[in-house]
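To keep things clear, I will list the structure first and then write my remarks on it.
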Amino acid sequence: MKVAALDLGTNTFLCLIAEGNEKEGITKVYKDLMQVVRLGQDIDKTKRLHPEALKRARTCLEEFKKEIDAQKVDKILAMATSAARDAENGEELFNIGKDLGIPIEIIPGEDEARITYQGATTGRAAEGKTLLVVDVGGGSTEFILGKGNQILFGESLNIGGVRLTERHVTHQPISEKDQAAVNEHIQKELATILPELKKHDIDEVITVAGTPTSLVAIEVGGFDEKKVDGYQLPRERLKYWVDEFANTSVEVKKTKYQLGGRADIIFAGASILLKALESLNKNTMVVSTKGVRYGVALEMLRK
């Protein structure tokens, strides 16, 4: 069966077109598309999806739909996360989906952990290992602990690259005061889950989404999925990049580091990862290019 699985995030929209079956999971990937949409623009302040953000969402989904139609898929499903949940006018996004023939669903909290975990750990032979998946989004960050196919713990924290940047960062390069505000906010949220996470002996921290994959792309000299997926990023390199992003303008982050629509929020996203590793006393993180869209595809193949 051929499926199109979309992940409509607060900052980024992704669309995976893949083939597979119930038994083997995903057997072939045809397309893996990504666009920075910034659906969560100003949502932290206004609690509404911005008209410009909705316009960008429509343009992106129209482009995805052309590709989906060209690929002749059997099933389409889009999952919307934090921004659509938080918005008073979230139905406007669903209406765009209806217009284009793309069914959009909001992931219920209890399913989100499982879908994210199975997506992030796709193709990772980790028999008997306890894995912590950290999915840094624009509006929220998911922490999912699992062993084999069993989810031991899952929690979504209201810290994300867009949310923290809009709330605390007034100027870039980022002042020490703003850096401290970002870190304090992260620590406060992390403190709510650390006691639970520390009950387990975590073998590996797997990080997914645009923040970690962008960091590794800089490290390896450009995005190459074969090099990025599975890359082990040491904590001291992560610390180096957090400091570098704090001390550079958005323009430098765009030109020197090719960060595009992620340039203004990368400091906050990377800070979440660094604080998580420091709090858990872990020295490395494994970066995965997979994530929610892979989990959504697997859900469709298994139903």
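Please tell me if residue 83 is over 19 Å from residue 288 (Cβ atoms) and not in a strand (DSSP E or B). Spell out how you get there, then give the answer.
Numbers: over 19 Å from residue 288 (Cβ atoms): yes; not in a strand (DSSP E or B): yes.
In short, yes.
Any idea how many residues of the range 130-163 are farther than 18 Å from residue 202 by Cβ and not hydroxyl-bearing (Ser, Thr, Tyr)?
To start, the set of residues in the range 130-163 that are farther than 18 Å from residue 202 by Cβ comprises 137-140, 156, 158-163.
Going one step further and asking which of them are not hydroxyl-bearing (Ser, Thr, Tyr), we end up with 137-139, 158-163.
Residues flagged as farther than 18 Å from residue 202 by Cβ and not hydroxyl-bearing (Ser, Thr, Tyr) within the range 130-163 amount to 9.
How about the range 263-275: which of its residues are surrounded by fewer than 24 Cβ atoms within 10 Å (Cβ to Cβ) and touching a residue at least 40 places away in the same chain (Cβ under 8 Å)? Give the derivation first.
Taking the range 263-275 first, the residues surrounded by fewer than 24 Cβ atoms within 10 Å (Cβ to Cβ) are 263-264, 274-275.
Listed by number, the residues that qualify are 264, 275.
So residue 153 ticks every box in (1) of a type in the set (Phe, Trp, Tyr); (2) touching a His at 6+ places or on another chain (Cβ under 8 Å); (3) more than 21 Å from residue 124 (Cα to Cα) but one. Which box is left unticked?
Unmet for residue 153, out of (1) of a type in the set (Phe, Trp, Tyr); (2) touching a His at 6+ places or on another chain (Cβ under 8 Å); (3) more than 21 Å from residue 124 (Cα to Cα): (3).
Can you find a residue in the range 94-109 that is surrounded by fewer than 23 Cβ atoms within 10 Å (Cβ to Cβ) and touching a His at 6+ places or on another chain (Cβ under 9 Å)?
Within the range 94-109, none of the residues are surrounded by fewer than 23 Cβ atoms within 10 Å (Cβ to Cβ) and touching a His at 6+ places or on another chain (Cβ under 9 Å).
I'm told residue 119 meets every condition in (1) touching a residue at least 40 places away in the same chain (Cβ under 8 Å); (2) assigned by TED's automatic domain parsing to the domain that holds residue 271; (3) part of a helix (DSSP H, G or I) except one. Can you identify the failing condition by its number?
In the conditions (1) touching a residue at least 40 places away in the same chain (Cβ under 8 Å); (2) assigned by TED's automatic domain parsing to the domain that holds residue 271; (3) part of a helix (DSSP H, G or I), residue 119 misses (2) alone.
When you go through (1) in contact with a strand residue (DSSP E or B) (Cβ under 9 Å, 6 or more places away or on another chain); (2) surrounded by 20 or more Cβ atoms within 10 Å (Cβ to Cβ) one by one for residue 87, which number turns out not to apply?
(1) is the only condition that residue 87 fails.
Can you pull out the residues in the range 5-44 that are in contact with a Cys (Cβ under 6 Å, 6 or more places away or on another chain) and either surrounded by fewer than 21 Cβ atoms within 10 Å (Cβ to Cβ) or not assigned by TED's automatic domain parsing to the domain that holds residue 63 (or both)? Quick ask: steps written out before the conclusion?
Kept after step one, since they are in contact with a Cys (Cβ under 6 Å, 6 or more places away or on another chain), are these residues of the range 5-44: 6, 13, 33, 35, 37.
Across the range 5-44, the qualifying residues are 33, 35.
Just the residues that are assigned to a helix (DSSP H, G or I) and more than 10 Å from residue 144 (Cβ to Cβ), please, taken from the range 98-116.
Let us first name the residues in the range 98-116 that are assigned to a helix (DSSP H, G or I), namely 98-100, 109-116.
Residues satisfying the conditions are 98, 99, 100, 109, 110, 111.
If we keep just the residues of the range 122-140 that are closer than 25 Å to residue 43 by Cα and in contact with a strand residue (DSSP E or B) (Cβ under 6 Å, 6 or more places away or on another chain), which is surrounded by the most Cβ atoms within 10 Å (Cβ to Cβ)? Outline the logic, then answer.
Keep residues of the range 122-140 that are closer than 25 Å to residue 43 by Cα, which gives 134-140.
This time we only want the ones that are in contact with a strand residue (DSSP E or B) (Cβ under 6 Å, 6 or more places away or on another chain), so: 134-135, 140.
Working: 134: 23, 135: 28, 140: 25.
Here the residue is 135.
Of the conditions (1) out of contact with any Asp or Glu (no Cβ under 6 Å at 6 or more places or on another chain); (2) crowded, with 19+ Cβ neighbours inside 10 Å; (3) assigned to a strand (DSSP E or B), residue 143 fails just one. Which one is it?
(1)
Of the conditions (1) crowded, with 19+ Cβ neighbours inside 10 Å; (2) farther than 17 Å from residue 100 by Cα, residue 68 clears all except one; give me its number.
Condition (2) is where residue 68 drops out.
Given the options 113, 125, name the one that is more than 20 Å from residue 212 (Cβ to Cβ) and at pLDDT below 90.
On the way: 113 fails: more than 20 Å from residue 212 (Cβ to Cβ).
It is 125.
The values are calculated or read from the model by the stated rules, or taken from the named source; none is laboratory data. Just so we're clear, the structure is a prediction, and the values are computed from it rather than from any experiment. Note that we place each Cβ from the backbone using ideal geometry, even for glycine, and neighbour counts take in every protein chain shown.
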